[in-house]
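Please read the structure below before turning to the comments.
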Amino acid sequence: MFNKKFNLALIICLPFICISQKNDTIPLLQTLPELQITGVNAGEKTPVSYTNISESEIEKVNLGQDLPYLISLTPSVVSSSDAGAGIGYTYMTIRGSDASRINVTVNGIPLNDAESQGVWWVNMPDFSSSVSNIQIQRGVGTSTNGGSAFGGSVNLNTNGLKSKKYVTLNNSVGSY
């Protein structure tokens, strides 16, 4: 008896359910406007001590090591590595502040880990080959990305798209 009444109520209400449905007015495809992300670099009149490293200077010292070893020749930067070769787990300090107090950005986007506030360079092998310039700011600096910039900031800008095809070959030999 209950089953018959339920079926009858369902048949009576079914047209009302169908009528209450509306067509979706949200378009499935949306074109978003272009977004440009810019980093904050120190300029000549900014009261911050900084060092700029150009692409040609990077190419001179780039031996395939991680970035902390590449910038270790700049003032107040000290690099270390678990293996001692500058490849793998590498670390840096700026003015004695460890990696958790150094803000690292790539094209203005923070690279620091959300949990430890450091940067794991082991996840970025030979990233230095893709960098066009580096600005190292010692001290608080101009960082706008979180509290990890107490010790300093390292702003990396990557190469743009190349208009011509090219090949780069690097070779080295040595005794280990």
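The residues of the range 3-25 that are at pLDDT below 75, among the aliphatic types (A, V, I, L, M) and surrounded by fewer than 10 Cβ atoms within 10 Å (Cβ to Cβ), listed by number, are ILE17, ILE19. Considering the range 103-133, and only residues there that are part of a strand (DSSP E or B) and touching a helix residue (DSSP H, G or I) at 6+ places or on another chain (Cβ under 7 Å), the residue that is surrounded by the most Cβ atoms within 10 Å (Cβ to Cβ) turns out to be ASN103.
Count of the range 36-59 residues, restricted to those that are exposed (fewer than 10 other Cβ atoms within 10 Å of the Cβ), modelled with pLDDT of 75 or more and not polar (S, T, N, Q), is 0. Figure legend. Inter-residue proximity from the range 159-176: first residues over 14 Å from LEU63 (Cβ atoms), second residues small (Gly, Ala, Ser), beta-carbon distance below 9 Å, spacing 6+ or different chains. Indicated pairs: ASN159/SER129; ASN159/SER130; ASN159/SER132; GLY160/SER132. Looking at the range 115-124, is at least one residue at pLDDT 80 or above, within 17 Å of the chain's Cα centre (by Cα) and closer than 21 Å to SER56 by Cα? The answer is yes; a qualifying residue exists. Residue by residue through the range 73-104, note down the ones that are more than 16 Å from ILE53 (Cβ to Cβ), without any contact (Cβ under 8 Å) to a residue 40 or more places away in the chain and not β-branched (Val, Ile, Thr). Result: SER80, SER81, ASP82, ALA83, GLY84, ALA85, GLY86, GLY88, TYR89, TYR91, ALA99.
The values are calculated or read from the model by the stated rules, or taken from the named source; none is laboratory data. These figures come from a predicted structure and were not determined experimentally. Don't worry about glycine lacking a Cβ; one is built from the backbone with ideal geometry, like all the others, and counts go over all protein chains shown.
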